[in-house]
Each structure stands twice: as structure tokens, then as C-alpha cells.
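Reviewing the structure listed below.
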Amino acid sequence: RYSLFYNRLKNIEENEGGLDKFSKSYKTFGVNQFVDGGIYCKEWAPGAEAVFLAGDFNGWNPFSHPYKKMEYGKWELFIPPGQDGCAPVPHGSKLKVVIRAQNGELLYRISPWARYVVRDEDKVNYDWVHWNPPQSYIHKHPSPKRLKSLRIYESHVGIASPEGKVASYKNFTYNVLPRIKDLGYNCVQLMAIMEHAYYASFGYQVTSFFAASSRYGTPDDLKEMIDVAHSMGITVLLDVVHSHASKNSEDGLNKFDGTDSCFFHSGHKGNHQLWDSRLFDYANWEVLRFLLSNLRMWIEDYRFDGFRFDGVTSMLYHHHGIGTGFSGDYNEYFGLHVDEDALCYLMLANHMINFLHPECITIAEDVSGMPALCRPVAEGGGGFDYRLAMAIPDKWIQIIKELKDEDWNMGNIVHTLTNRRYEEKYIAYAESHDQALVGDKTLAFRLMDAEMYTNMSVLSPLTPVIDRGIQLHKMIRLITHALGGESYLNFMGNEFGHPEWLDFPRKGNNESYHYARRQFNLTEDHLLRYRFLNAFDRDMNKWEEKFGWLASPPGYVSEKHESNKVIAFERAGLLFVFNFHPYQSYVDYRVVVWNSSLTMLCKYKILLDSDAAEYGGHERLDHSTEYFSEEYPHNYRPNSLMV
């Protein structure tokens, strides 16, 4: 793998003037305006017989501005400035690349490199709009320094409002970012930013890779949003989709030059049977140029601080993970079923990002557990900084769905939370964004279900269902946060147990936006119990910020007691004790304290208590109590204390 990567990198150095120049192609491809007012256009369309540029600027004459054919399927066009020195293609004017296909048909296409596309309300397809404002947004604040502890708030701009509508970048900037900051998250991961024609795809059917979605506002609105986040010390990551592309051809990348092999594998190999989308040919030189330039554009133009790569498992294997289970056997990760070209692309992408922007972060969404995916490229690894601990949310759902409380297996919970590859960083999360979608249920909804509609008021009695749900919601999130990885992620709204599912407008719901929203207002109503969960999530993050357990070595688990349903562990000098028993409390319960950095006996006090009144608990513990460790052997360790 490293040899393949090295040879590709060497070819880029020898034939393209280096990775820096190769990945800067976003400045020359598409339609770009020169300082003197002229327009330079460049496209890659190897299957085209001829290429033209048409638009408002030439009265939509499809033949007046032909491209010149160059080597390797490239086409170029230069349009000189007007006599008055003005740009021949004004800002805001509509454009199309006109392709004469091999069968003679004229195809009107959006450039793969288009920076801004919009859809009029009375139209189905998107239009390409030339974006070159007289004065672009100028970033005022530097990017935050690389974080040691990542606390990620996964967000979707369009649903980030209690109102049933598509919310805007402006709304997120001034209403949501302050909330994220207050909750103690230091990183926001943005979904559905790359333009996608189908809103209900959650942003995962990308049609224009270089365009920020116009349904939320303009490119400058997004730049301002990122700049304001940086002013708050918040790192901003982009959920990037390079694993596949929408099948749309009128306003997408598919069949750009009239063939099915432009950017993608031809035939069956180029189609994802489950996602109904196109699959990139990662061995193709121009595909590498396109994708690497895409990453660099998002970093340098918009100031994103890194990426969460979606669908990495699909990229890594020719079977795309379909109908395949992964047990950890190394034969599953090495062999002809591995797509070495895709893996090489990921290595190139991470190498480029680390070389040009070492402060940036990359995250892999891989369910297979590919070894060394988060080790440096120089070691033959994939080069990612983090990988998602995807087994953890699956485990919580399985436990809640299938087991009675008294049958919860403490050892199995601990194993799932700690089962990760040595010296590869994992992002722990208690539930995924997919669980919020209609047809599935969030943790809060599975725990409390219909009673969330009737018994979340403090004026109504605290029923056993709501009491159990609130307490387990807090405990599950804290143990995942503290033991599950080297970073933590939460999907917007789940921190306070959002009561409804997420359903984007579609024919099946009469194009309704009623469920395509997040009801943040519920946490501001002091008569509702959602504020308890919100406060616990905030304080959990604040204590992590102070003690940094995510950046500390993995926790030392001293107890996983099956009959008592108790889990105890230490991390970052803190002692965590969880009682998952459905009805049994304990007095004078002995637990190990073993802090390798301390040689003396210590005094302990309660920092965070899920049973505190401000978190909707029963206030059964006295927080003024001091707990002293003693030389009393317990669970094969010399020191312990009573709680």
C-alpha cells in the first residue's frame, strides 16, 4: 500500500509540479476570473466531441464560445475582458457547459467545479450561477489551534431552528453557535454543506462538490459563520462525501461528457446498489485532481479546519461492506477484495492535508475496523487522526431494545467501550444521527417513548418511565464520554433528549417541514424536564474541558460487577462510579483508587452527580461529604475508598 501511495505521489511530483500545484487546480478549472477582467475556463471531458460555454452573457448562444481541445481530454477557453475592462461574465449570471456528445447530442451541464448553484422555486433542477462578487467576505479571526480534546457537536444547518422551514447560515451563526459554545463543545461538524439537489438525502447525495449549499444562503454567509465560530474558539469540520456521488446528470456530476466513465467506473462497478449512486474511479488521474482540489478549496476558501470522511468502509472494499460482517480477522482487511486505489486516495488526501495544513483534522467513518487507518502514512497507515467508534451506539440500542434492566451485562458494556486499536484515536458517541431519522428512534425516545409527550412537565408526576429514561440518558452519555474514546460526538438536539424524530420534506409527508427542525426552545422552558438533560450535558463537557480525560490515556477499569451492576474506573485523575442496578442502591461500597501519578493517600469530593436536583435527580448524595482513600487492598489494588 505504501509503495502504491509513494509511486502515485512521485508521479504527481514529476508530472504535475508537485502536490501543491496539483491540488490547487480549483483555481484554474471551471470558470475563473483573471485580475485583468478576462475569464479563463477549463474542463475535463474526455468523451466529448466539442465543448462550448453558454449563458446570460452571450444570450445562451450554444456555439459562440467554443473551448479548445487540449491533451488528456482537457478543454480550455479564454474570454477577454470587454472594451471597458469589465468582466465578460458578470457576477450572478447563469451559465452552462454545452457538451456535444459522441452521438451528436447537445448536453447542457453544470461545471463539476461550479462554486454556486441555485434552484428556482418553479424548477426541478439547479442552475449554475457565476459567483464573483465585487468584494468577497474577508475572514477576521484565525483558526483555533489544534485541539487535544475534541468535543464535537454534529450539526445540520437547515434543521437548526424550532421553526418548520429551511434554516439559514445566518440563523446558525447568531442563534446556534452561542448555544454550542455554552454547552461546552469546542468543535462543530457540519453536515449537508456540499450542494445536494435532494434535501432529504441528509446531504449524502452530492451534486456539486465545490458549491456550498445555496438553500441556506450565499457562500459569504457560510464564510462568516465559520469566521464567527473561530472567534469563539470553535473548530469547524466539514462532513465530506468522496465515497460516491448523486446519479443526477442535469445538475450533477454523472455523465458530464455524455459517457458513464467520466469521473466514475463504467458499468456495474460504477454503481452502488444500495445507495443508488455513482462510484469514483480513484485510479484516474483527473479524479485524484478533482477530489484533492476539492478538499483544499474547502480549507483555503472557507477556512474549514478538517473533515469527517463519510462512507470510508464503502471506499475501502470492492464489496462496499454490503452483506459483509467484520470479526477482526486480518484476512478481512488484506486481499483482492480491498480497493487499494481508494485506500491510496485516502492516504494521498491525508498526506496532502497534513503537509499543507498540518493543523487540520481528519476523521474516518469506518465500521470495518481497518488496521492502521489512523496511523501516519509514513508508517503505511491511512493517515487519519480519528475514527468513529461505531460499535458503541449499536451496543446501546441493542441493550435497550433486547434486554431487561436486570440483564444488562457490565462486562459487555465495558468491552464495547474499551475495544479499540492500540494507539489509534476513536470518537465515542452514544447515538448516531441516523437514529434520529423517521423509522428509527433516539435513545431518549426508546427509553421514554410516548410518555415524552405527556409527562415531561415538572407539574406532572415523575412517572417510573420518565424517571428511568432521564437517569439512564445521563449515565449512558457520561460513561460513553469518559470511557469510550479520545473524542466525543453528539448530534444536535440529542443532548437534551429531543422528543421527535427527524423527517425531511418528501412526498410521503406532503412535503412537510414539521419534523425537519430542532426544538431548542424546549430547554428554555423551566416547566419542562428537558432542561435537566441539557444542563447535565453542559456540565459534563465543562468538567472534561478542565480535566481533559479525552486527551488522557485510556481509563483503568477496576470493577465491572455483574450482580451489583456497578462499573468503576479511573481516568485523568478522576474516579467514575456507575450503578446500573434498576432498584438496588449501596451504602459503604468499596471501590479501587489507583492513580499512578500519586503515591500518597488522597481526599476525594463529588464533581458531577447524575442524581443532583439540577439534573432531574433525587438528590440522595451530600456533596459536602469528603471521601478518603486508605491502604485497604481491593480488586488486586492496594488502595481503596468507601462510597
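Shown for the stretch 356-473 is the translational diffusion coefficient from the Stokes-Einstein equation, using the Kirkwood radius over Cα pairs, a temperature of 4 °C and a viscosity of 1.567 mPa s: 77 µm²/s.
Rounded to whole numbers, the Karplus 3J(HN,Hα) couplings from phi for the stretch 124-133 are 8, 8, 7, 10, 8, 10, 5, 9, 8, x Hz, using 6.51 cos²θ - 1.76 cosθ + 1.60 with θ = phi - 60°, and x at Gly and Pro. Backbone N atoms of the stretch 539-581 closer than 20 Å to the 7 Å Cα→Cβ label point of ARG468 belong to residues 562-567, 578-581. If a/c stays under 1.5 just call it rounded; otherwise compare a/b with b/c (prolate if a/b is bigger, oblate if not). Do that for the chain, with a ≥ b ≥ c from the square roots of the Cα gyration tensor eigenvalues. It comes out prolate by the Cα gyration axes. Atom-type composition of the exposed protein surface of the chain places 50 percent of the accessible area on carbon and sulfur (1.4 angstrom probe).
Applying D = kT/(6 pi eta Rh) to the stretch 556-642, where Rh is the Kirkwood radius over alpha-carbon pairs, T corresponds to 20 °C and eta to 1.002 mPa s, the Stokes-Einstein value obtained is 154 µm²/s. Couplings for the stretch 487-494, taken from phi via the Karplus curve 6.51 cos²θ - 1.76 cosθ + 1.60 with θ = phi - 60°, read 7, 9, 10, 9, 8, 3, x, 5 Hz in order; Gly and Pro are left as x. Modelled spin-label separation between PHE34 and THR454, with each label point placed 7 Å from Cα along the Cα-to-Cβ direction: 7.4 nm. For the chain, the mean residue ellipticity at 222 nm estimated from helices alone is -7000 deg cm²/dmol, where every DSSP H run of n ≥ 4 contributes -39500 (n - 2.57) and the total is divided by all residues, rounded to the nearest 500. Overall shape: oblate for the stretch 26-130, with the ratio a/c of the largest to smallest alpha carbon gyration tensor axis at 1.5 or above and b/c at least equal to a/b.
Full extension of the chain between HIS91 and GLU406 yields a length gain of 106.9 nm, computed as 0.36 nm times the residue separation minus the alpha carbon distance. Here, the stretch 193-280 has an Rg and a Dmax of 15.2, 48 Å when only alpha carbons are counted. Using only Cα atoms, locate the centre of the stretch 385-416 and the centre of the stretch 290-319, then give the distance between them in Å, rounded to an integer. Measuring centre to centre over Cα atoms gives 30 Å.
For the stretch 395-444, GluC sites (Glu not before Pro) meeting the loop criterion (DSSP other than H, G, I, E, B) and having at most 13 other Cβ atoms within 10 Å: GLU423. The residues of the stretch 107-167 expose on average 49 square angstrom of accessible surface per residue, using a 1.4 Å probe on protein heavy atoms. Computed packing ranks the peptides 562-573, 77-88, 519-530 as 562-573, 519-530, 77-88, most packed first, by mean other Cβ atoms within 10 Å. A full extension of the chain between MET70 and TYR174 corresponds to an added length of 32.7 nm, given 0.36 nm per residue minus the alpha carbon distance. The value of relative contact order for the chain, using C-alpha pairs under 8 Å at least six residues apart, is 11 percent.
Please work out whether the stretch 311-379 counts as rounded, prolate or oblate from its C-alpha gyration tensor, where a ≥ b ≥ c are the square roots of the eigenvalues and a/c under 1.5 means rounded, while otherwise a/b larger than b/c means prolate and anything else oblate? Prolate shape, in that a/c is at least 1.5 and a/b is the bigger ratio. Using Cβ point charges alone (K and R +1, D and E -1), the dipole size of the chain about the Cα centre works out to roughly 640 debye. Using a simple spin-label model with pseudo-atoms 7 Å out from Cα toward Cβ, GLU250 and LEU336 lie 4.2 nm apart.
Extension gain for LYS10-TYR556 works out to 192.1 nm (0.36 nm per residue, less the C-alpha to C-alpha distance).
The values are calculated or read from the model by the stated rules, or taken from the named source; none is laboratory data. As the structure is a prediction and not an experimental result, all values here were calculated from the model. Because the Cβ atoms are built from the backbone with ideal geometry, glycine has one as well, and the counts that use them run over all protein chains shown. Remember, those area values only see protein heavy atoms, side chains included, never the ligands or the DNA or RNA. Shrake-Rupley method; radii C 1.70, N 1.55, O 1.52, S 1.80 Å.
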